[in-house]
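Q: Sharing a structure, written as structure tokens. Questions coming.
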Amino acid sequence: MLDGWLVIFTGPKLIDELRRSPDEELSADEGVAEVLQLRLTLGPGVDDQFHVAVVRDKLTRNLTALYPDVFDEISVSFNEYIPASDDWTEVRIWPIVQKVIARASNRVIIGLPRCRDETYLDVAINFTNDVFASSFLINLFPGFLKPLIGKAVPMVSKNKKKLMPMVIPMLQERQRMMEAHGDDWEGHPRDLLQWLLEEARAKGTPFEHVVEKVLLVNFGAIHTSSGAFTHALYNVAAYPQYIQPLREEIEAVVAQDGWSKASLGKMRKLDSFFKETMRLADGSLLNIFRKAVKDVTLSDGTRIPKGTLVAAASVTAHTDDTRYPEPDVFDPFRFARMREGGVEDAVKHQLVNTSVDFLPFGHGKHACPGRFFAANEIKTMMAYLLLNYDVKFAEEGKRPANIRFGPANLPSTSAKVLFRKRRRDEETNSASRS
Ligand code: HEM
């Protein structure tokens with residue numbers, strides 16, 4: 001790179017070594033700090049990552065209880081943004097997906113009505129772009145100039161300034177209620193903001209840092225999930241032969257059990273469709289970024305000097321033919337079949353399970369803590385769309401090219417998908433013809 005080496009780990013043995021390496025040698029925090037430069041743009045408060053444990057523990061433990069809200073936000077926003085008309089309507093899908101994900105995620109981050117507030121949503125969505133743009137700029141300069149450049153680029157701190165007057169009064173009001181009626185007051189909100197507030201009060205953390213955590217959770221949640229969902233939607237539109245088996249599975253489960261987190265767990269074809277999509281179109285061709293905070297020697301003798309950035313090559317892991325037969329073929333129900341081998345396989349090959357062969361969520365101690373939420377969200381979005389709309393591309397079988405920038409591998413942000421209200425009569429006719 002411009003100012004140093006990036007050492008890329010390939011192969012299961014070395015990727016596993018990267019996963020196991022302690023933060024005192026290959027540090028996750030220092031890796032992220034170097035790539036994103038948030039210390040310089042958001043402030044030193046970013047070093048206290050208490051939001052990670054809140055997402056990992058509180059959010060994940062409450063997924064079942066929160067599910068009706070997430071489903072509600074997804075259905076209400078799709079109904080609002082995609083017309084269910086009898087004729088095909090062409091829709092540029094990327095901004096809509098970002099909006100639906102921002103609303104559904106913020107329904108559990110900050111709750112109603114703020115999760116539908118346009119100004120708030122703009123900040124939540126654009127913050128990520130601003131982080132990448134400013135870190136790109138800062139990283140063009142040598143180390144001693146970086147702090148100066150960090151001060152001179154206002155994009156990231158501007159977002160914090162916009163969010164403070166929206167979020168701080170909410171925190172103050174909630175604090176007032178906690179002081180008056182105790183932490184578990186009747187009707188207290190069950191959302192991420194509340195859990196962040198409880199942590200912050202226990203640690204004496206200023207509210208300003210809670211606002212930063214709201215931004216950081218949005219950073220972790222929106223672009224990643226939007227990318228994964230859009231890649232999968234393009235696969236649905238490009239390969240219509242998979243729509244019917246997906247619909248049959250979703251309909252059978254919903255008819256028996258309704259919409260719930262447990263129902264999603266039974267939709268193995270849908271789970272597999274996303275896992276196969278992410279295997280071939282991971283949002284980043286490199287994952288598990290770390291920085292050597294001391295000289296490190298690997299088991300194969302490679303010496304990594306202190307200060308070097310390292311990462312794992314997910315693209316080679318995901319297309320290794322000793323792990324995945326016919327690795328370049330998009331075989332959407334591959335993982336559903338792999339799960340048929342028994343209880344161990346059923347767990348091992350589900351979307352949220354990370355391994356040296358499946359790295360979109362990272363792997364090891366720092367693997368994405370929000371992946372259980374993300375999987376529920378994107379699966380619900382797809383299930384809802386497939387049950388309520390017909391979906392296709394103007395030209396069948398042609399997926400729009402991905403956008404490649406550095407290690408990023410994003411779905412097209414300009415592609416249009418055609419939608420219309422689902423026509424069950426045509427499905428019945430084509431089923432009886434075949
Ligand atoms: C499909 C969606 C998502 C993908 C592909 C994804 C991917 C990732 C990856 C690759 C990492 C870094 C792992 C590592 O360094 O080893 C990560 C970390 C993180 N993600 Fe996600 N993520 C997704 C959704 C979410 C959501 C919805 C949330 C929050 C609700 C979230 C919160 C976080 C946080 C807080 C971290 C930092 C973890 C740490 O530093 O230990 N992510 N994610």
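The values are calculated or read from the model by the stated rules, or taken from the named source; none is laboratory data. Quick caveat: nothing in here was measured; it's all calculated off a predicted structure. Neighbour counts run over all protein chains shown; Cβ positions are idealised from the backbone, glycine included. What goes into the accessible areas is simple: the full protein's heavy atoms, side chains included, and nothing from ligands, DNA or RNA. Shrake-Rupley method; radii C 1.70, N 1.55, O 1.52, S 1.80 Å.
Q: Tally time: how many residues in region 340-388 are open to solvent by 20 Å² or more (accessible area, probe 1.4 Å), within 14 Å of residue 272 (Cα to Cα) and over 18 Å from the mean Cα position of the chain (by Cα)?
A: Adding up the residues that qualify gives 5.
Q: What's the total number of residues in region 214-246 that are open to solvent by 10 Å² or more (accessible area, probe 1.4 Å) and either of a type in the set (Asp, Glu) or more than 16 Å from the ligand (Cβ to nearest atom) (or both)?
A: Result for region 214-246: 7.
Q: Sort out which residues of region 261-282 are touching a residue at least 12 places away in the same chain (Cβ under 8 Å) and either open to solvent by 50 Å² or more (accessible area, probe 1.4 Å) or more than 20 Å from the chain's Cα centre (by Cα) (or both), and write them in order of number.
A: Listed by number, the residues that qualify are 261, 262, 266, 268, 269, 280.
Q: Determine, yes or no, whether residue 396 is open to solvent by 60 Å² or more (accessible area, probe 1.4 Å), under 24 Å from residue 253 (Cβ atoms) and away from the ligand (no atom under 16 Å from the Cβ).
A: In short, no.
Q: Show me the helices (runs of 4 or more DSSP H) entirely contained within region 1-55 in which 2 or more residues are out of contact with any helix residue (DSSP H, G or I) (no Cβ under 6 Å at 6 or more places or on another chain) and within 22 Å of residue 216 (Cα to Cα).
A: 28-36, 50-53
Q: Further question on the same structure: So how many residues does region 62-76 have that are surrounded by 17 or more Cβ atoms within 10 Å (Cβ to Cβ) and β-branched (Val, Ile, Thr)?
A: The number of residues fulfilling the criteria is 2.
Q: Since residue 418 meets every condition but one in (1) open to solvent by less than 20 Å² (accessible area, probe 1.4 Å); (2) part of a strand (DSSP E or B), which condition does it not meet?
A: Unmet for residue 418, out of (1) open to solvent by less than 20 Å² (accessible area, probe 1.4 Å); (2) part of a strand (DSSP E or B): (1).
Q: Has region 374-387 got at least one residue that is assigned to a strand (DSSP E or B) and more than 16 Å from the ligand (Cβ to nearest atom)?
A: Among the residues of region 374-387, not one is assigned to a strand (DSSP E or B) and more than 16 Å from the ligand (Cβ to nearest atom), which makes the answer no.
Q: Follow-up question, since we're still on this one. Please specify each residue of region 199-212 satisfying the condition of being part of a loop (DSSP other than H, G, I, E, B) and open to solvent by less than 40 Å² (accessible area, probe 1.4 Å).
A: 205, the sole residue that qualifies.
Q: Looking at residue 19, is it among the charged types (D, E, K, R), within 16 Å of the ligand (Cβ to nearest atom) and touching a Pro at 6+ places or on another chain (Cβ under 6 Å)?
A: no
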